[in-house]
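In what follows, a structure is listed as structure tokens, so that the remarks can point back to it.
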């Protein structure tokens, strides 16, 4: 978005203001977006530079928000009060002693502007009682009342909604698909001179930073573009390792120590999981894809949907076959595009997801019925309580899991069954640190909000999210739990192939990571717990993709079986067979073979110590044979 001709300076000097970083931030903004949302408005440097025509600006600092509201609605009154102030120490302290809440709102706004322009370093700081306590600045000619700038600012402010509120509440209420969100929270201190309390009397601490990072992922999943700034602190790099992080030099103009005035900021750019260009059929489809429940499922292609659809949309096909559905997101995207979808996976839990949200066109599980599943109505076999005590969840959670398992069996509608089973699986994912079952205990509990919710709350939340994702695309879609080489009569379709990636450097055993939730999906029927293992896993399903030659042979057989279709294949640059080997195999059956490389970063659920090395930076190859 280009800067407007009108020039507006920020109304206030603000610790952490972004004026010096505008040339870095503005080029990183999306070219198009629906609403501009800034929940830590502060001095508003980016807002006044960009001058959005619609959106939300907000802050939890009620005095600050009053300034923006009064300038927007009563700018002449604010100017009138400002013109009465003088740059004297006597008047400064007299005004500072006033209780702003007891003043007329316009005078309270003028008071804050006056104190900000005449206090030491333009610093806003309050004590434990919320009282402004910065001393007089002794400036010769501070610009107390810039009437022209105030009137120009009023024009800009009148185009947006101004809200006083906590950032989480503001984002939850207002952020929607296609919006741009700029996040400039209080920085994580990087030195002993840093001050967490320049903004309000409430400290923005470590847990707030964790909560913000969780919210960023939620915003990405609903389709928002996000830019976030913070200090270049190890915690920032850890919280946002999945995203693009640029480090830029910055001066700390407000600092009590000269040595602390030079530093480094991070600018974190986050593209939405569902890009604006992903869905082209209708506005309904744009919204629909964003409703698919997010997972931390290994190998999920949620971040590659744009590239996958950009390729697929060039071909004329009515049926999409997802041979290795995994999380189900690719099949769901194809369903939202109006395609008939055949979704397959050898894992029962994946088949449960696609039964609930792809094959199912209309059925939901009522919240009343879901709540009944939490109660002890049916005979309970205590399987989880007896076999998994102390391994993954608390005793109370284990009892609840068994109770829900027993009650699910009373559901006669297969789609209600699939929704309930998927919701229970999702609840276990959410309650399990890192979402995997390759370790026991709770040593990775970092206090994030998902881990604080009860299992019952997670289950009911999951039911609501899954219900919200159910829609009818007018096609008879199908969910299959089977072998990809055994599907019958697939012709004249687009076949998407995303098998487990074989690499000698890492495992591709989904069952090993997810055996507990896969057991839930199967109700542990047809499997035998390996009692000698600490994790009580069961034997992994046989798959040819667990060995190098087996993977090559499996690709060859898949290409031969589905040769009468458009073939779209996902595979990683650090896996085997190699890119050239896959191209060679495809060319046996297809006249045209193209390869689209996509830069990609994997986040390994059980290898956090490797996050910052280069082994999780790879290219994802999309092969298209036609």
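Using a basic spin-label model with each label point 7 Å from the Cα along Cα→Cβ, how many nm lie between residue 369 and residue 173?
Each label point is offset 7 Å from its Cα along the Cβ direction, giving 3.4 nm.
Taking the Cα centroid of the stretch 203-234 and of the stretch 291-354, what is the distance between the two, rounded to the nearest whole Å?
Here the two parts' Cα centres lie 28 Å apart.
Cα axis of helix 395-408 to longest principal axis of the chain: angle in degrees, 0 to 90, nearest 10?
Its long axis makes an angle of about 60 degrees.
Once you keep just the Cα pairs under 8 angstrom separated by 6 or more residues, what percentage relative contact order results for the chain?
Details: 1129 pairs, mean separation 64.5, N = 626.
Over the chain, the number comes to 10 percent.
Can you give me the three principal axis dimensions of the stretch 47-191 from its C-alpha atoms, in Å, biggest first?
Principal extents (largest minus smallest coordinate, Cα): 52, 39, 28 Å.
Starting from the Cα of residue 155, step 7 Å along the direction of its Cβ; do the same at residue 245; then give the gap between the two resulting points in nm.
4.1 nm
What area, in nm² and to one decimal, does the C-alpha convex hull of the chain cast on average over all directions? Spell out each step's value before the answer.
Numbers: hull surface 124.3 nm².
Average projection, Cα convex hull of the chain: 31.1 nm².
Rounding to the nearest 10 and keeping the result within 0 to 90°, find how far the Cα-based axis of helix 105-118 lies from the longest principal axis of the chain.
Once rounded, the angle reads 80 degrees.
State, as an integer percentage, the relative contact order of the stretch 402-515 based on alpha-carbon contacts under 8 Å between residues 6 or more apart.
27 percent.
For the stretch 19-270, build the convex hull from the C-alpha positions and give me its volume per residue in Å³. The partial results should precede the final answer.
Numbers: hull volume 32.3 nm³, N = 252.
Dividing the Cα hull volume of the stretch 19-270 by its residue count gives 128 Å³.
Taking the alpha-carbon centroid of each part, what is the distance from the stretch 9-65 to the stretch 477-498 in angstrom?
49 Å
Could you check what % of the DSSP bridge pairs in the stretch 19-270 are antiparallel, to the nearest 5? Walk me through the numbers on the way to the answer.
Values: 16 of 29 bridges.
Bridges in the stretch 19-270 that DSSP calls antiparallel: roughly 55 percent.
Using Cα-only point scatterers and the Debye equation, what is log10 of I(q)/I(0) for the stretch 458-497 at each q in 0.17, 0.22, 0.25 Å⁻¹, rounded to two decimals?
-0.75, -0.90, -0.96
Once fully extended, how much extra length lies between residue 444 and residue 386, figured as 0.36 nm per residue of separation less the alpha-carbon to alpha-carbon distance? Intermediate results must be reported in sequence, preceding the final value.
Details: separation 58, 0.36 × 58 = 20.88 nm, distance 2.40 nm.
The residue 444-residue 386 span can extend by a further 18.5 nm.
With N set to the residue count of the stretch 372-494, report its C-alpha Rg divided by 2.2 N^0.38 Å to two decimal places.
Details: Rg = 17.3 Å, N = 123, 2.2 N^0.38 = 13.7 Å.
The value comes to 1.26.
First check a/c for the stretch 384-433, with a ≥ b ≥ c the square roots of the eigenvalues of its C-alpha gyration tensor; if it is under 1.5, answer rounded, and if not, answer prolate when a/b is larger than b/c or oblate otherwise. The partial results should precede the final answer.
Working: a/c = 3.43, a/b = 1.67, b/c = 2.06.
Taking the square roots of the gyration eigenvalues as a ≥ b ≥ c, the stretch 384-433 is oblate.
Helix 548-561 against the longest principal axis of the chain: what's the angle in degrees, Cα atoms only, rounded to the nearest 10?
Compared with the principal axis, the helix lies near 80 degrees.
Could you please state, rounded to a whole Å, how far the C-alpha centre of the stretch 533-575 is from the C-alpha centre of the stretch 355-420?
Between the Cα centre of the stretch 533-575 and that of the stretch 355-420, the gap is 31 Å.
How many percent of DSSP beta bridges within the chain run antiparallel, rounded to 5?
DSSP beta bridges in the chain are roughly 55 percent antiparallel.
Grab the Cα-Cα distance for residue 133 and residue 490, subtract it from 0.36 nm times how many residues apart they are, and report the gain in nm with one decimal. Walk me through the numbers before you get to the answer.
Numbers: separation 357, 0.36 × 357 = 128.52 nm, distance 7.38 nm.
Full extension of this stretch gives 121.1 nm more.
Sort the stretch 1-85 into rounded, prolate or oblate with this rule: let a ≥ b ≥ c be the square roots of the eigenvalues of the Cα gyration tensor; rounded if a/c is under 1.5, and if a/c is not under 1.5, prolate when a/b is larger than b/c, oblate otherwise. Provide the component values of the computation, followed by the final result.
Numbers: a/c = 1.76, a/b = 1.75, b/c = 1.01.
It is prolate, given that a/c is not under 1.5 and a/b is the larger ratio.
Just need the relative contact order of the stretch 19-270 here, percent rounded to a whole number, with Cα pairs under 8 Å and 6+ apart.
Working: 416 pairs, mean separation 55.8, N = 252.
Taking the mean separation of contacting Cα pairs over the length of the stretch 19-270, I get 22 percent.
Can you compute the modelled spin-label distance between residue 394 and residue 361, with each label point 7 Å from Cα toward Cβ, in nm?
Going by the 7 Å Cα→Cβ label model, 4.4 nm.
Using only DSSP helix segments of four residues or longer, with each worth -39500 (n - 2.57), what per-residue ellipticity at 222 nm results for the chain after dividing by its residue count and rounding to 500? Don't skip to the end; give the middle numbers.
Details: 22 runs with 223 residues, N = 626.
Using -39500 (n - 2.57) per qualifying helix, the result is -10500 deg cm²/dmol.
Read-outs throughout are calculated quantities, based only on the coordinates presented, and are distinct from any laboratory measurement. Everything numeric here is computed off the predicted structure, so don't read it as measured data. Note: ideal-geometry Cβ built from the backbone for every residue, glycine included; neighbour counts use all protein chains shown.
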